[in-house]
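Step one of this worksheet: look at the structure below.
The values are calculated or read from the model by the stated rules, or taken from the named source; none is laboratory data. What you see is a predicted model; the values in this text were computed from it and never measured. Every residue, glycine among them, receives a Cβ derived from its backbone with ideal geometry; neighbour counts consider all protein chains shown. Surface accessibility is based on the protein's heavy atoms, side chains included, excluding ligands, DNA and RNA. Shrake-Rupley method; radii C 1.70, N 1.55, O 1.52, S 1.80 Å.
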Amino acid sequence: NALWMPGTDHAGIATQSVVERLVLAQEKKTRHDLGRDELVKRIWDWKDRYEARILGQLREIGASCDWPRTRFTLDPVCARAVRETFFRMFKDGYIYRGKRLVNWDAHLQTSVADDETYTEDTKGGFWTFKYAVLDDAGRATGEHIHFSTTRPETMLGDTAVCVHPGDERYKHLVGKFVLQPHTGRKIPIIADGQLADPELGTGCVKVTPAHDPNDYACWQRHPEIGIINILNPDGTINAEGGEYAGLDRYKAREAVTKKMEELGLYVEKAERVVPLKYSDRSKTPIEPYLSDQWFVKMSDRDDGKPGLAQMTMDAVTDGRVKFFPERYARSYLDWLGEKRDWCISRQLWWGHRIPVWSKTFPDAEQLERELPLQRPGMGERNWVSSTQKETNTVHVCLSGDNRALIEDLEASGFRQSDDVLDTWFSSA
């Protein structure tokens, strides 16, 4: 005997993208034309219509569900459970705000999870360029260093050129600088054995930490090189791209390549099949993108306590959690063993809105003085705060829909996050 409890989830990205496409096709309007409240109302109407059809089909085929217990993940009872879980995890230090590299869907303008992407071999180019090496006075020495890339537009965000520390061809160049011709920046030549492979291509790699996972990891090992995001959320070049600002990234690719030819810094282009990551929702290419997001900390904590990943792994290895069939336990443990922090925020309007109000202060001193206002009787059990020191931002998480406390926060300049929670986090 088993309980079959019927229910549906809100499928955040998939549902919103379907309704946005309908609105665009039928009314030639975007979500920004409608506004948040109106778009959410349209999505609720669409959801009610299709949910009734789905559940009706289950009834028609004789599914023996406990129908009075039907649940939807945005029902009030589910919303309360999600909010309480978020609050507890925030209070215990497992949820934080940070600027990290994420999978970015430039069409939907939101972060997406790894399992919401797929990789497809795609015909593309493999360009080889060169940068001029500078002397200690910043003048060109006449020597050049060659590198190859499948995305020339990312040169606008280069912060270093990397070689292998054991590569004899480049040992004399480590510590010197090259000129990034599009932006005029002087960027260093560094040695990193994990990024550069002397047997691959020229043996030299351009480093664009804000737009490539491997380069991002290199920046974490060499933070002195810096990190520069060159993209707007819609995939156009931002102000960091100088003269290319405002161009779509693919138009910028053409323009950057043409400029390198004019400067005599273009070497060659080869046709190549590239494994390209796509968004499963919009079917458009994913951009590795540096973005402020909310994360669940999976790795071990700074206070010495085991992280969520380790606690979950321990529950499997000591037998508290069992897998059927057993062989799936190994895949699960391998997956959790990476202990990567989990991005749980989405830049959507359909879903559980993140219950955090934030305010950024001009300096650390003012930040230390400022506290969220409280009315009498509102103890810390209703709210908890954290400080994002790198941005002088205070985040206040509320445990419930306390209108009086929200009014106090908003009167003090705090603003609720526009993001919603990833469907996987919020499917209570």
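Per-structure values
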| item | result |
| --- | --- |
| In degrees, nearest ten, helix 308-317 long axis to first principal axis of the chain (Cα) | 70 degrees |
| Full-extension gain in nm, SER299 to GLN416, via 0.36 nm per residue minus C-alpha separation | 39.4 nm |
| Karplus (6.51, -1.76, 1.60) ³J(HN,Hα), θ = phi - 60°, over the range 258-264, in Hz, Gly and Pro reported as x | 4, 5, 5, 4, 4, 7, x |
| Cβ-defined net charge surrounding THR85, 12 Å radius [Lys, Arg +1; Asp, Glu -1] | +2 |
| Magnitude of the charge dipole, the chain, Cβ model with Lys/Arg +1 and Asp/Glu -1, debye to 20 | 760 debye |
| Whole-angstrom Cα spans of the chain along principal axes, big to small | 77, 58, 55 |
| Size of electric dipole in the range 101-181: Cβ of Lys, Arg +1 and of Asp, Glu -1, about Cα centre, debye, nearest 20 | 540 debye |
| Farthest toward positive dipole pole in the chain [+1 Lys/Arg, -1 Asp/Glu at C-beta], among CYS218, LEU231, GLN416 | GLN416 |
| Positive-end residue, the range 57-111 charge dipole about Cα centroid, Cβ charges, pick of VAL77, GLY98, GLY62 | GLY98 |
| Cβ-based net charge around HIS164, under 12 Å, with every Lys or Arg adding one and every Asp or Glu removing one | -3 |
| The range 200-337 - charge dipole about Cα centre, Lys and Arg +1 at Cβ, Asp and Glu -1, debye rounded to 20 | 480 debye |
| Residue among THR387, LEU179, THR257 farthest towards the positive dipole end of the chain, charges placed on Cβ | THR387 |
| Residue-normalised accessible area of the range 220-277, given per residue in Å² at a 1.4 Å probe | 59 Å² |
| Scattering profile of the range 194-254 at q = 0.26, 0.30 Å⁻¹ [log10 I(q)/I(0), Debye over alpha-carbon scatterers] | -1.01, -1.12 |
| Sequence-distant residues sharing a close amide H with LYS206 (under 5 Å, placed H) | SER148, CYS162 |
| Pair ARG139, LYS29: separation of 7 Å Cα→Cβ label points (nm) | 6.4 nm |
| The chain, accessible surface, carbon-and-sulfur percent (1.4 angstrom probe) | 50 percent |
| Sequence-distant residues sharing a close amide H with ASN103 (under 5 Å, placed H) | VAL112 |
| Dimensionless Rg over Rh [the range 191-327; C-alpha; Kirkwood] | 1.08 |
